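The values are calculated or read from the model by the stated rules, or taken from the named source; none is laboratory data. In this text the structure is predicted, and so the values were computed from the model without any measurement. Cβ coordinates were reconstructed from backbone atoms using ideal geometry, including for glycine residues, and neighbour counts include every protein chain displayed. Heads up: the accessible areas ignore ligands, DNA and RNA and are worked out on the full protein's heavy atoms, side chains in. Shrake-Rupley method; radii C 1.70, N 1.55, O 1.52, S 1.80 Å.
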Amino acid sequence: SVSCRAAPLPPRLQSFSTSSKIKEDEATKDQSQDSLSVAGPASVTVADDSSKEVDNSIEAILARSQRKELIERVGPQAVRYLPTEDPNAFLIPDSRLEPAERTWQKVFVALPWAVFACMLAVPLLLVRGNLPFLQRRAEDDRQASARRNAGYVAERIPEFQIVNFGQMPDILERPFPTVLLLFHPATFASKVFLPVFQDLQSLLRKAGIPVSLAALDLSASPGPAESFSWEYPSAMSPHIQLVVPRATDGEAGVVDYDGRWTASDLAAAASSLAGPRAPEIANEELQLLDAQIEKLRDLLFELLFLEDGVESKAVQKAPWWRFGRRAAKDEEAIAKERSAAVKQLEDRIDRLNGIGAAISSCEQALAEFRG
């Protein structure tokens with residue numbers, strides 16, 4: 001038997017075969033990479049012993065290889081400064097930190113939340129603890145402000161006055177709001193509300209409400225313009241207007257009052273002109289003023305419209321012996337004389353010193369009229 005053994009190649013041929021083999025391996029590797037790039041990156045999950053999903057995409061493989069090369073080149077201490085394997089991790093893994101660093105990491109994570117909780121709780125605790133003191137201080141300030149306003153009103157707010165059209169610029173230029181009564185002395189309602197406005201002015205001054213009251217006499221000279229008389233006829237008086245100073249472009253604004261004609265509603269309208277925090281008038285005083293308005297209205301109605309059923313001293317019956325000589329006055333003359341007597345008594349009613357004086361003078365006139 002003959003054994004055939006391969007003779008070793010010369011060194012030059014060995015190096016040539018080795019280089020050709022390396023080139024074949026590189027070509028094969030390039031072909032595999034080209035096929036992968038054409039097919040696109042694929043993610044294959046392989047379950048390892050720890051049952052974790054491993055990303056086998058080209059990007060993940062390259063990242064792991066770079067990470068491994070960096071650790072081999074620098075050493076295990078480089079792991080501390082590399083990105084975490086879990087991109088969604090909130091904290092640095094404990095395996096990369098020293099025991100003291102682990103503690104401080106937890107402290108710095110909890111500290112901002114603790115500070116935020118303190119910033120939220122401290123103001124609430126301060127308000128809750130100081131609320132009684134703040135309420136007492138606010139009440140003291142309110143009372144002090146009311147006293148100052150009362151003194152200020154008593155010094156600056158003018159008294160109630162009756163004006164004519166020539167004096168209206170003074171009313172419009174007042175620095176305070178004004179409630180203006182447009183009245184005619186001959187109308188029934190004007191006889192009632194003219195003294196009411198005087199008492200209402202006293203209540204406003206007593207409460208410290210910086211609002212003035214005035215009355216415009218439509219019968220006084222100089223008289224109103226024709227257009228004004230057409231809009232506010234004297235026969236339908238009284239009318240009420242609310243004058244607001246410097247309402248538009250430095251000029252006073254005038255608004256017609258459309259509320260009820262009671263002391264409570266008039267006082268509420270005047271208080272609204274002074275602002276939302278204006279002092280209040282006692283309800284007992286307003287109710288008393290409303291009762292006096294009703295009483296004065298009844299007395300004036302009885303005096304002006306029921307005198308036909310009452311015999312007056314001002315009208316004396318003609319003697320019986322002069323009946324046939326036509327010396328006795330006829331019914332028309334008697335009515336005229338009676339009206340003149342009523343007019344004389346009506347002029348004696350005090351309408352310039354408040355509603356109390358008006359009621360007293362009206363009762364006295366009725367007593368004289370009834371004889």
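Considered as a group, the residues in the range 164-173 that are in contact (Cβ under 8 Å) with a residue 40 or more places away in the chain and not in a loop (DSSP other than H, G, I, E, B) include one that is surrounded by the fewest Cβ atoms within 10 Å (Cβ to Cβ), and that residue is Gly166.
Which residue out of Ala225, Ala252, Ala220, Ala215 is touching a strand residue (DSSP E or B) at 6+ places or on another chain (Cβ under 6 Å) and modelled with pLDDT under 90?
Working: Ala225 fails: touching a strand residue (DSSP E or B) at 6+ places or on another chain (Cβ under 6 Å); Ala220 fails: touching a strand residue (DSSP E or B) at 6+ places or on another chain (Cβ under 6 Å); Ala215 fails: modelled with pLDDT under 90.
Result: Ala252 is the single residue among Ala225, Ala252, Ala220, Ala215 that is touching a strand residue (DSSP E or B) at 6+ places or on another chain (Cβ under 6 Å) and modelled with pLDDT under 90.
Can Ala328 be described as at pLDDT below 60 and in contact with a Lys or Arg (Cβ under 9 Å, 6 or more places away or on another chain)? Yes. Taking the criterion of being surrounded by 16 or more Cβ atoms within 10 Å (Cβ to Cβ) and touching a Phe, Trp or Tyr at 6+ places or on another chain (Cβ under 8 Å), the only residue of the range 243-264 that qualifies is Pro245. Taken together, Phe188, Phe176 contain a single residue that is within 18 Å of Ser271 (Cα to Cα), touching a residue at least 60 places away in the same chain (Cβ under 8 Å) and surrounded by fewer than 18 Cβ atoms within 10 Å (Cβ to Cβ), which is Phe176.
Of everything in the range 74-115 that is within 23 Å of Ala60 (Cβ to Cβ) and of a type in the set (A, V, I, L, M, F, W, C), the residue that is least open to solvent (accessible area, probe 1.4 Å) is Ala78.
The residues on offer are Ala274, Ala267, and the sole one that is at pLDDT 85 or above, surrounded by 11 or more Cβ atoms within 10 Å (Cβ to Cβ) and within 24 Å of the chain's Cα centre (by Cα) is Ala267.
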